[in-house]
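Peer 1: Could you have a look at this structure, given as C-alpha coordinates, before my questions?
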(Lines give C-alpha, C1' and ligand atoms only; values in the text may rest on other atoms or scores of the structure.)
Protein backbone atom coordinates (compact mmCIF):
# COMPACT_ATOMS: atom_id res chain seq x y z
CA UNK A 1 0.00 0.00 0.00
CA UNK A 2 1.20 3.50 -0.80
CA UNK A 3 0.90 6.60 1.34
CA UNK A 4 0.03 10.24 0.78
CA UNK A 5 2.67 12.43 -0.85
CA UNK A 6 4.58 9.39 -2.09
CA UNK A 7 5.97 9.47 -5.64
CA UNK A 8 4.88 6.49 -7.72
CA UNK A 9 5.19 5.38 -11.33
CA UNK A 10 2.07 4.83 -13.42
CA UNK A 11 3.09 2.71 -16.46
CA UNK A 12 3.10 4.56 -19.76
CA UNK A 13 2.36 7.91 -18.12
CA UNK A 14 5.26 8.54 -15.78
CA UNK A 15 5.78 9.71 -12.24
CA UNK A 16 2.87 10.93 -10.15
CA UNK A 17 2.50 11.99 -6.55
CA UNK A 18 -0.28 10.59 -4.39
CA UNK A 19 -2.04 13.79 -3.36
CA UNK A 20 -4.53 12.10 -1.12
CA UNK A 21 -6.42 8.90 -0.49
CA UNK A 22 -10.14 9.36 -0.96
CA UNK A 23 -13.28 7.31 -0.43
CA UNK A 24 -16.04 7.56 -2.99
CA UNK A 25 -19.41 5.90 -3.05
CA UNK A 26 -20.23 4.59 -6.51
CA UNK A 27 -23.47 2.71 -7.01
CA UNK A 28 -23.82 2.21 -3.28
CA UNK A 29 -20.35 0.68 -2.99
CA UNK A 30 -17.64 2.62 -1.20
CA UNK A 31 -14.25 2.42 -2.88
CA UNK A 32 -10.91 3.84 -1.75
CA UNK A 33 -8.82 5.63 -4.39
CA UNK A 34 -5.35 7.05 -4.76
CA UNK A 35 -5.56 10.53 -6.23
CA UNK A 36 -2.51 10.81 -8.49
CA UNK A 37 -1.21 14.13 -9.77
CA UNK A 38 1.37 13.67 -12.51
CA UNK A 39 4.53 15.67 -11.98
CA UNK A 40 5.14 16.64 -15.61
CA UNK A 41 1.59 16.65 -16.94
CA UNK A 42 -1.45 18.66 -16.05
CA UNK A 43 -3.41 15.54 -15.20
CA UNK A 44 -4.97 14.03 -12.08
CA UNK A 45 -6.46 10.53 -11.99
CA UNK A 46 -8.06 8.27 -9.43
CA UNK A 47 -6.83 4.69 -9.10
CA UNK A 48 -8.75 2.27 -6.90
CA UNK A 49 -6.36 1.08 -4.19
CA UNK A 50 -7.46 -2.50 -4.78
CA UNK A 51 -6.44 -2.22 -8.48
CA UNK A 52 -3.10 -0.47 -7.98
CA UNK A 53 -1.07 -3.61 -8.55
CA UNK A 54 -3.14 -4.63 -11.59
CA UNK A 55 -2.54 -1.29 -13.34
CA UNK A 56 1.17 -1.56 -12.53
CA UNK A 57 1.42 1.29 -10.03
CA UNK A 58 4.83 0.98 -8.38
CA UNK A 59 7.39 2.78 -6.23
CA UNK A 60 10.29 4.63 -7.83
CA UNK A 61 13.16 2.36 -8.85
CA UNK A 62 16.22 1.92 -6.68
CA UNK A 63 19.64 3.27 -7.65
CA UNK A 64 20.74 -0.33 -8.36
CA UNK A 65 17.85 -0.77 -10.76
CA UNK A 66 18.75 2.53 -12.46
CA UNK A 67 22.30 1.20 -12.94
CA UNK A 68 20.86 -1.95 -14.50
CA UNK A 69 18.78 0.17 -16.89
CA UNK A 70 21.89 2.18 -17.82
CA UNK A 71 23.73 -1.10 -18.50
CA UNK A 72 20.99 -2.17 -20.90
CA UNK A 73 21.32 1.07 -22.85
CA UNK A 74 25.12 1.15 -22.87
CA UNK A 75 25.83 -2.50 -23.56
CA UNK A 76 25.16 -3.47 -27.13
CA UNK A 77 22.69 -6.15 -27.99
CA UNK A 78 24.22 -9.26 -29.53
CA UNK A 79 21.91 -8.71 -32.50
CA UNK A 80 23.22 -5.20 -33.11
CA UNK A 81 25.65 -6.38 -35.77
CA UNK A 82 23.07 -8.17 -37.82
CA UNK A 83 20.12 -5.90 -37.10
CA UNK A 84 18.81 -4.11 -40.13
CA UNK A 85 15.73 -2.16 -41.16
CA UNK A 86 14.20 -5.29 -42.67
CA UNK A 87 14.25 -7.18 -39.37
CA UNK A 88 10.60 -7.48 -38.46
CA UNK A 89 8.02 -4.94 -39.46
CA UNK A 90 6.97 -1.94 -37.45
CA UNK A 91 3.60 -3.42 -36.46
CA UNK A 92 5.22 -6.49 -34.90
CA UNK A 93 7.95 -4.48 -33.19
CA UNK A 94 5.42 -1.92 -31.95
CA UNK A 95 3.23 -4.62 -30.44
CA UNK A 96 6.22 -5.83 -28.41
CA UNK A 97 7.16 -2.27 -27.47
CA UNK A 98 3.62 -1.54 -26.24
CA UNK A 99 3.65 -4.65 -24.04
CA UNK A 100 6.96 -3.52 -22.51
CA UNK A 101 5.69 0.05 -22.10
CA UNK A 102 2.66 -1.20 -20.15
CA UNK A 103 4.89 -3.01 -17.64
CA UNK A 104 6.29 0.33 -16.52
CA UNK A 105 9.63 -1.38 -15.85
CA UNK A 106 12.66 0.88 -16.15
CA UNK A 107 14.63 -1.98 -17.73
CA UNK A 108 11.89 -2.69 -20.27
CA UNK A 109 11.80 1.02 -21.17
CA UNK A 110 15.58 0.94 -21.56
CA UNK A 111 15.29 -1.93 -24.03
CA UNK A 112 12.73 -0.01 -26.10
CA UNK A 113 14.96 3.07 -26.06
CA UNK A 114 18.07 1.10 -27.08
CA UNK A 115 16.24 -0.79 -29.82
CA UNK A 116 14.64 2.32 -31.35
CA UNK A 117 17.99 4.11 -31.32
CA UNK A 118 19.39 1.09 -33.16
CA UNK A 119 16.64 1.23 -35.79
CA UNK A 120 17.34 4.96 -36.14
CA UNK A 121 20.92 4.13 -37.18
CA UNK A 122 19.65 2.10 -40.15
CA UNK A 123 16.73 4.16 -41.38
CA UNK A 124 14.73 7.28 -40.61
CA UNK A 125 12.18 6.57 -37.91
CA UNK A 126 8.50 6.71 -38.80
CA UNK A 127 6.24 9.15 -36.99
CA UNK A 128 5.12 6.38 -34.60
CA UNK A 129 8.68 5.28 -33.92
CA UNK A 130 9.85 8.85 -33.26
CA UNK A 131 6.94 9.42 -30.90
CA UNK A 132 7.66 6.20 -29.00
CA UNK A 133 11.38 7.03 -28.79
CA UNK A 134 10.61 10.49 -27.37
CA UNK A 135 8.01 9.05 -24.98
CA UNK A 136 10.42 6.39 -23.74
CA UNK A 137 13.25 8.89 -23.31
CA UNK A 138 10.96 11.18 -21.30
CA UNK A 139 9.66 8.38 -19.08
CA UNK A 140 13.21 7.19 -18.37
CA UNK A 141 14.51 10.69 -17.68
CA UNK A 142 11.55 11.62 -15.49
CA UNK A 143 12.00 8.71 -13.10
CA UNK A 144 15.80 8.56 -13.15
CA UNK A 145 16.15 12.29 -12.47
CA UNK A 146 14.03 11.88 -9.32
CA UNK A 147 15.86 8.76 -8.16
CA UNK A 148 19.32 10.23 -8.75
CA UNK A 149 18.23 13.76 -7.78
CA UNK A 150 19.77 15.14 -10.98
CA UNK A 151 18.42 17.65 -13.50
CA UNK A 152 16.03 16.14 -16.08
CA UNK A 153 17.98 17.51 -19.07
CA UNK A 154 21.24 16.13 -17.67
CA UNK A 155 19.68 12.65 -17.56
CA UNK A 156 18.51 12.94 -21.18
CA UNK A 157 22.07 13.80 -22.19
CA UNK A 158 23.36 10.88 -20.13
CA UNK A 159 20.94 8.47 -21.82
CA UNK A 160 22.07 9.62 -25.26
CA UNK A 161 25.73 9.41 -24.26
CA UNK A 162 25.31 5.91 -22.82
CA UNK A 163 23.82 4.66 -26.07
CA UNK A 164 26.60 6.30 -28.09
CA UNK A 165 29.25 4.61 -25.92
CA UNK A 166 27.62 1.23 -26.52
CA UNK A 167 27.52 1.94 -30.23
CA UNK A 168 31.24 2.78 -30.30
CA UNK A 169 32.15 -0.46 -28.52
CA UNK A 170 30.27 -2.47 -31.17
CA UNK A 171 32.07 -0.61 -33.95
CA UNK A 172 35.44 -1.45 -32.34
CA UNK A 173 34.48 -5.13 -32.04
CA UNK A 174 33.13 -5.37 -35.61
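The values are calculated or read from the model by the stated rules, or taken from the named source; none is laboratory data. What you see is a predicted model; the values in this text were computed from it and never measured. Because the Cβ atoms are built from the backbone with ideal geometry, glycine has one as well, and the counts that use them run over all protein chains shown.
Peer 1: Take residue 67 and tell me if it is under 25 Å from residue 163 (Cβ atoms), out of contact with any helix residue (DSSP H, G or I) (no Cβ under 9 Å at 6 or more places or on another chain) and surrounded by fewer than 16 Cβ atoms within 10 Å (Cβ to Cβ).
Peer 2: Yes: the conditions hold for residue 67.
Peer 1: Residues that are out of contact with any helix residue (DSSP H, G or I) (no Cβ under 8 Å at 6 or more places or on another chain) and closer than 14 Å to residue 11 by Cα, at least 3 per element: which helices (runs of 4 or more DSSP H) completely within region 85-157 meet that?
Peer 2: Where helices (runs of 4 or more DSSP H) fall fully within region 85-157 and carry at least 3 residues being out of contact with any helix residue (DSSP H, G or I) (no Cβ under 8 Å at 6 or more places or on another chain) and closer than 14 Å to residue 11 by Cα, they are 90-103.
Peer 1: I've got another one for you. What are the residues in region 46-64 that are over 14 Å from the mean Cα position of the chain (by Cα) and either over 21 Å from residue 106 (Cβ atoms) or exposed (fewer than 14 other Cβ atoms within 10 Å of the Cβ) (or both), if any?
Peer 2: Residues satisfying the conditions are 46, 48, 49, 50, 51, 53, 54, 62, 63, 64.
Peer 1: Would it be correct to say that residue 84 is at pLDDT below 95 and under 15 Å from residue 139 (Cα atoms)?
Peer 2: no
Peer 1: Take the residues of region 51-67 that are touching a residue at least 40 places away in the same chain (Cβ under 8 Å) and in a helix (DSSP H, G or I): which is nearest to residue 149 (Cα to Cα)?
Peer 2: 63
Peer 1: Being surrounded by 14 or more Cβ atoms within 10 Å (Cβ to Cβ) and either modelled with pLDDT of 95 or more or in the same structural domain as residue 138 (by TED's automatic domain parsing) (or both) is the filter here, so list the residues in region 33-45 that pass it.
Peer 2: 33, 34, 35, 36, 37, 38, 45
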